[in-house]
1. Would you check if I40 is touching a residue at least 12 places away in the same chain (Cβ under 8 Å) and outside any loop (DSSP other than H, G, I, E, B)?
2. Can you run down the residue pairs with Cβ atoms below 7 Å, 6 or more apart or on separate chains, where the first is in region 2-24 and farther than 12 Å from A56 by Cα and the partner is of a type in the set (K, R)?
3. Mind listing whichever residues of region 25-48 are open to solvent by less than 70 Å² (accessible area, probe 1.4 Å) and β-branched (V, I, T)?
4. Give the number of residues within region 14-32 that are farther than 19 Å from V49 by Cβ and not small (G, A, S).
5. So how many residues does region 25-46 have that are modelled with pLDDT of 95 or more and within 15 Å of D62 (Cα to Cα)?
6. Can you find, within region 62-81, the residue that is modelled with the highest pLDDT among those that are in a loop (DSSP other than H, G, I, E, B) and loosely packed, with under 12 Cβ neighbours inside 10 Å?
7. Of the residues L6, L59, which is at pLDDT below 90 and crowded, with 17+ Cβ neighbours inside 10 Å?
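The values are calculated or read from the model by the stated rules, or taken from the named source; none is laboratory data. Please read these numbers as outputs of a predicted model, since none were measured by experiment. No Cβ is skipped: glycine too gets one built from the backbone with ideal geometry, and neighbour counts run over all protein chains shown. Side chains included, ligands, DNA and RNA excluded: accessible areas come from the protein's heavy atoms. Shrake-Rupley method; radii C 1.70, N 1.55, O 1.52, S 1.80 Å.
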Amino acid sequence: MTSEELQKLLTSRRNELGLTQQDVVNLSKTGITRQFYGMIENGERRPSVKVAKDIAKVLRIDWTIFFEIKSNQKLRDKDTA
């Protein structure tokens, strides 16, 4: 799965459920900010396993999809530079 595919999946699923990004954050009770969730949704950050499971429960998706792509690639590239 590409980062773009993950973004489309998360966005479309959230919209199908009639939720905002803030709703996902509130319902998942992860303690993350809406901004951080937005970065997850955009493929800029990868959640911890616990956060992934909590978000997936709200969106009714498989939590492992968050780990099928290299969503932190920008940060890894920066760290190795």
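1. Spelling it out, I40 is indeed touching a residue at least 12 places away in the same chain (Cβ under 8 Å) and outside any loop (DSSP other than H, G, I, E, B).
2. Final answer for the pair search is Q21/R34; Q22/R34.
3. Scanning region 25-48 gives V25, T30, I32, I40.
4. 10
5. Adding up the residues that qualify gives 1.
6. Applying the filter and picking the extreme gives D62.
7. Exactly one residue qualifies, and that residue is L6.
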